[in-house]
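Please read the structure below before turning to the comments.
The values are calculated or read from the model by the stated rules, or taken from the named source; none is laboratory data. If you're wondering where the values come from, they're calculated on a predicted model, not measured in any experiment. Cβ placement follows ideal geometry from the backbone for every residue including glycine, while neighbour counts extend to all protein chains displayed.
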Amino acid sequence: MNYHIKDAALAEEGKNLITWANRDMPVLNLIKKRFKKEQTLKGVRLAACLHITSETANLAITLKEGGAEVFLCASNPLSTNDAVAAALVKHYGIATFAIKGEDNDTYYKHLEAVLDEHPNQTMDDGADLMSLLHSTRKKQIKDLVGSTEETTTGVIRLRALAAEKKLKVPVVAVNDNLTKHMFDNRYGTGQSTVDAIMRSTNILLAGSKVVVCGYGWCGRGIAMRARGLGARVIVCEIEPVKALEALMDGYDVMPLKDAVKDADVILSATGNKHVIDIHHIMAAKDGAIIAQSGHFDVEINKKAMEKVAKTIRKIKPMVDEYIIEGKKIYLLGEGRLVNLAAADGHPSSVMDMSFAGQALAAEYIWKHKGKLENKVYSLPPEIDSEIAAMKLASRGIEIDKLSQEQIKYLNSWEEGT
Ligand code: ADE
């Protein structure tokens with residue numbers, strides 16, 4: 001088996017982490033049981049580019065038990081847990097190519113390595129495999145029956161590819177699942193981003209001013225959790241409806257140029273480029289902390305920061321100090337997605353639903369092979385209901401059902417005032 005990991009001696013530690021995550025992934029475990037029995041994915045050679053965490057390991061094991069051959073690489077140079085990568089190779093026989101802190105060149109070599117294994121299905125978090133397959137590895141694309149995509153940023157890239165009529169493979173946008181974005185993006189990003197700030201800086205959030213750029217599902221979650229710890233939260237948005245929602249949710253709303261002035265922490269979760277630009281950073285106060293939770297490291301204009309900084313030095317892991325015009329500005333997680341770079345990413349319980357969606361999307365593609373068009377699909381809503389029902393059942397929670405009278409009423413028009 002080919003692989004590239006940091007240290008095989010970490011495998012025991014990694015196995016414990018995978019087992020610990022598994023305890024909070026009941027929905028994925030139910031799917032694993034069924035996949036194993038049915039050998040749902042027999043014949044699938046699946047290349048997956050995901051954050052190499054203990055939750056991803058549980059997904060990879062599920063796919064493997066379902067009959068697939070799985071090849072894993074990281075979807076971000078800083079998000080790999082090296083112990084988990086070691087355990088995947090040594091204890092679970094899953095070919096893994098990922099090292100935390102790998103440089104860009106190694107990152108891309110790892111993507112090439114999983115594509116060299118001749119997959120017939122891919123799974124992306126950020127669309128990097130799809131991007132390679134549509135640029136430098138076009139010849140291979142005919143071997144693919146389909147692909148799945150985990151994240152908002154990846155779905156945006158794939159929809160852009162489809163809009164240009166250049167998408168050559170059917171793709172399922174797992175992020176479209178309600179049981180993905182309403183929970184993973186909001187509660188997952190919310191908790192893990194605040195966790196990363198606390199782990200890396202240990203600042204007191206109570207009473208501090210936190211600016212959140214973007215009020216999508218991720219921004220909503222971050223703002224909610226920061227406020228929960230006592231921070232005074234300001235939201236910056238470009239869409240009027242979302243800005244209004246933030247206002248009515250009780251946050252201050254204003255342009256970033258005004259919000260940065262006395263902010264203690266400035267966070268971006270928009271998926272867009274240079275949201276925190278150099279003029280914002282120059283206007284920030286001495287000691288301001290900057291971070292982002294978007295998929296790619298584009299939201300903070302780090303290159304411009306490097307250009308104007310008099311000195312840059314590492315204070316401690318994941319905290320770099322930039323001296324800019326005599327002020328100290330602290331950048332967390334090297335400007336990469338802070339919740340995975342400086343913490344462990346989303347909790348297992350939320351990844352349970354996201355990865356249940358991934359597993360069911362992989363099954364959907366394999367079952368419909370040859371019948372799907374080259375476009376971006378959302379999974380049928382019944383799959384969302386199934387995932388949510390399994391999650392509720394795993395917590396022992398029952399819910400009400402419509403009566404016959406209510407079903408009839410909802411399907412009628414006669415009864416009024
Ligand atoms: N994305 C965010 N958190 C994650 C996690 N814990 N595992 C895999 N992908 C993630």
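Using the structure shown, decide if Arg45 is within 24 Å of His110 (Cβ to Cβ), surrounded by fewer than 20 Cβ atoms within 10 Å (Cβ to Cβ), among the basic types (Lys, Arg) and more than 12 Å from the ligand (Cβ to nearest atom).
yes
Every residue in the stretch 77-98 that is in a loop (DSSP other than H, G, I, E, B) and either within 18 Å of Leu115 (Cβ to Cβ) or within 14 Å of the ligand (Cβ to nearest atom) (or both), please.
Pro77, Leu78, Ser79, Thr80, Asn81, Ile94, Ala98
Could you check the stretch 251-266 and list, in sequence order, the residues that are among the charged types (D, E, K, R), free of Cβ contacts under 8 Å to residues at least 40 places away in the same chain and touching a strand residue (DSSP E or B) at 6+ places or on another chain (Cβ under 7 Å)?
The one that is among the charged types (D, E, K, R), free of Cβ contacts under 8 Å to residues at least 40 places away in the same chain and touching a strand residue (DSSP E or B) at 6+ places or on another chain (Cβ under 7 Å): Asp252.
Looking at the stretch 135-150, I want the residues that are farther than 19 Å from Leu41 by Cα and more than 16 Å from the ligand (Cβ to nearest atom) and have a partner that is outside any loop (DSSP other than H, G, I, E, B) and hydrophobic (A, V, I, L, M, F, W, C) with Cβ atoms under 7 Å, at least 6 apart or on another chain. Which pairs are those?
Note: pairs meeting the criteria are Arg137/Leu115; Gln140/Leu115; Gln140/Leu133; Ile141/Leu133.
Are any residues in the stretch 351-362 within 8 Å of the ligand (Cβ to nearest atom) and among the hydrophobic types (A, V, I, L, M, F, W, C), and if so, which ones?
Of everything in the stretch 351-362, those that are within 8 Å of the ligand (Cβ to nearest atom) and among the hydrophobic types (A, V, I, L, M, F, W, C) turn out to be Met351, Phe355.
Looking at (1) away from the ligand (no atom under 16 Å from the Cβ); (2) over 22 Å from Ala388 (Cα atoms), which is the only condition Thr40 fails?
Here Thr40 meets the rest and fails (2).
Restricting attention to the stretch 46-63, does a residue exist that is within 21 Å of Thr179 (Cβ to Cβ), out of contact with any helix residue (DSSP H, G or I) (no Cβ under 9 Å at 6 or more places or on another chain) and either basic (Lys, Arg) or outside any helix (DSSP H, G or I) (or both)?
First, pick out the residues of the stretch 46-63 that are within 21 Å of Thr179 (Cβ to Cβ): 48, 50-51, 53-63.
Those still in the list that are out of contact with any helix residue (DSSP H, G or I) (no Cβ under 9 Å at 6 or more places or on another chain) too: none.
No; the residues of the stretch 46-63 include none that is within 21 Å of Thr179 (Cβ to Cβ), out of contact with any helix residue (DSSP H, G or I) (no Cβ under 9 Å at 6 or more places or on another chain) and either basic (Lys, Arg) or outside any helix (DSSP H, G or I) (or both).
Let me spell it out: the conditions are (1) outside any loop (DSSP other than H, G, I, E, B); (2) of a type in the set (A, V, I, L, M); (3) within 14 Å of the ligand (Cβ to nearest atom); (4) surrounded by fewer than 22 Cβ atoms within 10 Å (Cβ to Cβ), and Leu10 meets all of them except one. Which number is the exception?
Result: Leu10 fails condition (3) only.
Which condition from (1) at pLDDT below 95; (2) within 10 Å of the ligand (Cβ to nearest atom) is the one that Glu55 breaks?
(1) is the only condition that Glu55 fails.
Could you list, in sequence order, all residues of the stretch 1-53 that are under 21 Å from the mean Cα position of the chain (by Cα), over 23 Å from Leu132 (Cβ atoms) and small (Gly, Ala, Ser)?
Result: Gly14, Ala21.
Find the residue count for the stretch 313-332, including only residues that are surrounded by fewer than 18 Cβ atoms within 10 Å (Cβ to Cβ), modelled with pLDDT of 95 or more and assigned to a loop (DSSP other than H, G, I, E, B).
2
Of the conditions (1) closer than 30 Å to Lys369 by Cβ; (2) buried (at least 17 other Cβ atoms within 10 Å of the Cβ); (3) of a type outside the set (S, T, N, Q), Ala87 fails just one. Which one is it?
The one condition Ala87 does not meet is (1).
Every residue in the stretch 145-199 that is of a type in the set (A, V, I, L, M, F, W, C) and assigned to a strand (DSSP E or B), please.
Val171, Val172, Ala173
Suppose we filter the stretch 319-347 for residues that are touching a helix residue (DSSP H, G or I) at 6+ places or on another chain (Cβ under 9 Å), farther than 11 Å from Gln292 by Cα and away from the ligand (no atom under 16 Å from the Cβ); how many remain?
Result for the stretch 319-347: 8.
Could you pull out the residue among Glu414, Glu405, Glu382 that is surrounded by fewer than 24 Cβ atoms within 10 Å (Cβ to Cβ), modelled with pLDDT under 95 and over 30 Å from Asp320 (Cβ atoms)?
That would be Glu414, the only listed residue that is surrounded by fewer than 24 Cβ atoms within 10 Å (Cβ to Cβ), modelled with pLDDT under 95 and over 30 Å from Asp320 (Cβ atoms).
Can you go through Ala263, Ala259, Ala243, Ala226 and tell me which one is of a type outside the set (Ser, Thr, Tyr) and over 29 Å from Arg157 (Cβ atoms)?
The conditions single out Ala263.
Could you please find all residues in the stretch 99-134 being part of a loop (DSSP other than H, G, I, E, B) and more than 16 Å from the ligand (Cβ to nearest atom)?
Across the stretch 99-134, the qualifying residues are Ile99, Gly101, Glu102, Asp103, Asp116, Glu117, His118, Pro119, Asn120, His134.
Please go through the stretch 64-75 and give me each residue that is more than 9 Å from the ligand (Cβ to nearest atom), crowded, with 24+ Cβ neighbours inside 10 Å and not in a strand (DSSP E or B), ordered by number.
Gly66, Ala68
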